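Contents: one structure, followed by commentary.
Here, each number is a calculation from the coordinates, and none is a lab measurement. What you are looking at is a predicted structure, and each value in this text was computed from that prediction instead of being measured. Reconstructed Cβ throughout: ideal geometry from the backbone, glycine too, with neighbour counts over all protein chains shown.
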Amino acid sequence: MIDSLPPPCQPYLQDGRPGEVTLVWRDAKPAPAHLVVRDLTGSPVVVVEVPAARQAQQRITGLTPGAWYGYQLERPGQAPFQGRFVANRGPQATHLRFTVMGDMGDGSPAQHAIAGHMAAWKPEFVLTVGDNVYPDASAADFGPKFFDVYGPMIANAPIYPTLGNHDMRTDAGAPYLAAFVLPQDPAGERYYAFDEGPARFWALDSNQSLAPGSPQYKWLEADASASRAKWKIAFFHHPPYSSGLHGQEAKNRAWLPPLFSRLGFTAVFTGHDHHYERSLPIGGVTYFVTGGGGAMLYGTQDKPFTDRKAIRHEFLAVSIFEDRMGVLSIDEDGKPLDAAVLTPPLR
């Protein structure tokens, strides 16, 4: 039987919700740990003893939405580990700050450069659009090609990944599912949704069917129809609109764009093609390809739906304010490739 658990790594944050977040870590020799979470005054708000486990995790509750906290994790034989984070912002918040990356986990110098620029931007949380670890998302590769690279960032910002086609190559994504602690509903972490401030995010699994009538489509339609979020954002791997190598497949284009337009989405973030691209607004929705997280780049064609594109390693830095969303594409040299300002749909 394949051991799906990735190698030991330092703590990282998962599954933030208003008032809550999960801290996860793995040690070579599991041992009990002492965790203290403090507010900005230095007062402890959580003090807990965590039992030894190959993959330890502790749900931290009682947090004030939008407040900053520091934490210290003490384990036998190791120096204390410290991090800080902003608690998931409640629905009354008017601003957010996050990053988006995709097609990154190959250990290249470009991946490390992008990771450094992302961490320097200090996101409050991080999205991925799949192909998190190349070539096959094996458990062993999650160490050097993911957690070692992004550890300094995700110790301070919850990360919300999605499954790419390469992530499915080892035991149908078992190492990915073992590594991440994500919302279980409705599909055991393969697709899910979460709220942060005035936005709701839908992480889809585009390796599964998204055709009308499929379980994932019906869940997405019902959940997005019920949401009153001002900003609706989807992120997944295979792009409905892309001028890159895989773009001609137009996967899910017949099904998803009409749904996104009808239900008032503002932005869709995808990967799979290894370049940067921003579409013209299509039915009120702007589609981004951010597949330049570190893997080898390849070319594009001219397409009528494209507003801006670049064959560069890059990531997206996104800021949401009360009446606008700013999306900045930043390359491996830390320089801007593109900037866009989006507005929420009229209702």
**Message:** Looking at 57, 111, can you tell me which residue is of a type in the set (S, T, N, Q) and part of a helix (DSSP H, G or I)?
**Reply:** 111
**Asked** Taking the condition surrounded by 17 or more Cβ atoms within 10 Å (Cβ to Cβ) and touching a residue at least 24 places away in the same chain (Cβ under 8 Å), does residue 308 pass?
**Response** no
**Prompt:** Of all the residues that make up the stretch 256-285, how many are surrounded by fewer than 18 Cβ atoms within 10 Å (Cβ to Cβ) and in a helix (DSSP H, G or I)?
**Reply:** 3
**Complete:** The residue that is surrounded by the fewest Cβ atoms within 10 Å (Cβ to Cβ), considering only those in the stretch 114-136 that are among the small types (Gly, Ala, Ser) and within 12 Å of residue 104 (Cβ to Cβ), is 115
**Top-ranked residue of the stretch 18-47 - restricted to ones that are assigned to a loop (DSSP other than H, G, I, E, B) and under 15 Å from residue 59 (Cβ atoms), ranked as farthest from the chain's Cα centre (by Cα)** = 19
